[in-house]
Amino acid sequence: MRWIWIDSFVEFTAGERASAVKNITRSEDHLHDHFPGFPVMPATLIIEGMAQTAGILVGEARSFRENVILAKIRRASFDDFAVPGDQLRYDAVIETIDEQAAVTTGVVSKNGAPMGKVDLIFSHVNQANKPPELPDHNFVFTDQFMDLLATFRNNNMSGTPSDE
Amino acid sequence: MATSRDEVFSKVQEVLTDALGVDDDEVSAESTLQGDLGAESIDFLDIVFRLEKAFDIKIPKGELFPDEILNNPEYVDGDKMTPAGLEKLKQAMPHADFSKFEQQPDVSKMPDLFTVDTIVNYVENKLQVA
């Protein structure tokens, strides 16, 4: 299954900030049930989009040595709906990062206008502090996430315009 | 300029209301973070980060909440702390009030050492040293 809730990065400043966009389409399965006749992107998936944007930013800041786990949603507030046809933009900033964890703040915008805030805490999970039930390999940063960052970097290095 | 205890308390109160989603009036000096205010493990890390920002201080891992003492078998015997463990904990937490805990040092009661006052004491010490 593809569990990926951002389409592409549009900005990436290592260790500091990252921005990604997500275009909402009517063909997404979850919109058929949420809600019938009134498709709205669930707030939980908007949070996930921010978590993926910020999570990759945090992972990259420490060279993807650890698994980066979403540990706490400090704040999630939205004052608008996002529906098919809208473009969401996630702007994430690292507030604090150390060997244990990272704190990020984030703004969600819809078609260019801010519509919410999502602040998160991530835990760094490595071999030394890993609970036994978690796998040994890096299970967070799979190819589908690494490809997103690689695509952004390839595009920017070759001078190709970004998706924005 | 020195920060008064009331000022420290009121900033700590704000940190805890933000971190734990509780109301101001729930946060009194004697409130325990876990029992009274419902803090979970990740909240302790959140509280540390927020205190660092609110007071512009650096809190090394394990200094405010020295939970790693419990991982040492020398310091724990079944569900009780050994005298050596209790002594170690008291040294590690000069900011906590041990008067109740040391009468019956059950490991399960250790979270009761983490009160709002414990944090206020810690921050006060930290600001005096800085």
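The values are calculated or read from the model by the stated rules, or taken from the named source; none is laboratory data. Note that this is a predicted model, so its numbers are computed, not measured. Because the Cβ atoms are built from the backbone with ideal geometry, glycine has one as well, and the counts that use them run over all protein chains shown. Protein only, heavy atoms only, side chains kept; ligands, DNA and RNA dropped before computing areas. Shrake-Rupley method; radii C 1.70, N 1.55, O 1.52, S 1.80 Å.
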Working only within segment B:11-34, note down all residues that are open to solvent by 60 Å² or more (accessible area, probe 1.4 Å) and on the phi < 0 side of the Ramachandran plot.
-> B:Lys11, B:Glu14, B:Asp18, B:Asp23, B:Asp24, B:Asp25, B:Glu26, B:Glu30, B:Gln34
Within segment B:68-77, track down each residue that is modelled with pLDDT under 90 and either surrounded by 14 or more Cβ atoms within 10 Å (Cβ to Cβ) or small (Gly, Ala, Ser) (or both).
-> B:Ile69, B:Leu70
Residue tally, condition within 14 Å of the chain's Cα centre (by Cα), within 12 Å of chain B (Cβ to nearest Cβ) and open to solvent by 40 Å² or more (accessible area, probe 1.4 Å), over segment A:77-115 | 1
Taking segment A:116-140 as the search range and keeping residues that are under 22 Å from A:Arg2 (Cβ atoms) and modelled with pLDDT under 95, which one is most open to solvent (accessible area, probe 1.4 Å)?
-> A:His137
Output the qualifying pairs, or none if there are none: Cβ atoms under 7 angstrom, residues six or more apart or on different chains, first residue in segment B:29-51 and free of Cβ contacts under 8 Å to residues at least 40 places away in the same chain and at the interface with chain A (Cβ under 9 Å from one of its Cβ atoms), second residue charged (D, E, K, R) and surrounded by 17 or more Cβ atoms within 10 Å (Cβ to Cβ).
-> B:Ile42/A:Lys72; B:Asp46/A:Lys72; B:Asp46/A:Arg74
Only one of (1) outside the structural domain of B:Lys126 (by TED's automatic domain parsing); (2) open to solvent by 80 Å² or more (accessible area, probe 1.4 Å) is not met by B:Lys90, so which one is it?
-> (2)
Can you tell me which residue within segment A:37-76, out of those that are of a type in the set (Gly, Ala, Ser) and closer than 13 Å to A:Ala102 by Cα, is surrounded by the fewest Cβ atoms within 10 Å (Cβ to Cβ)?
-> A:Ala61
Strands (runs of 3 or more DSSP E) (entirely within segment A:1-108) containing at least 2 residues that are β-branched (Val, Ile, Thr) | A:8-13, A:67-78, A:87-97
State all residues of segment A:116-153 that are within 13 Å of the chain's Cα centre (by Cα) and either more than 14 Å from every other protein chain (Cβ to nearest Cβ) or outside any strand (DSSP E or B) (or both); if no residue qualifies, say none.
-> A:Val118, A:Val140, A:Phe141, A:Gln144, A:Phe145, A:Met146, A:Leu148, A:Leu149
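Going by the structure shown, is B:Ala54 within 15 Å of B:Asn121 (Cβ to Cβ) and not hydroxyl-bearing (Ser, Thr, Tyr)?
So B:Ala54 fails the test.
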In segment B:53-62, anything within 9 Å of chain A (Cβ to nearest Cβ) and either hydroxyl-bearing (Ser, Thr, Tyr) or over 17 Å from B:Glu7 (Cβ atoms) (or both) is listed as B:Lys61
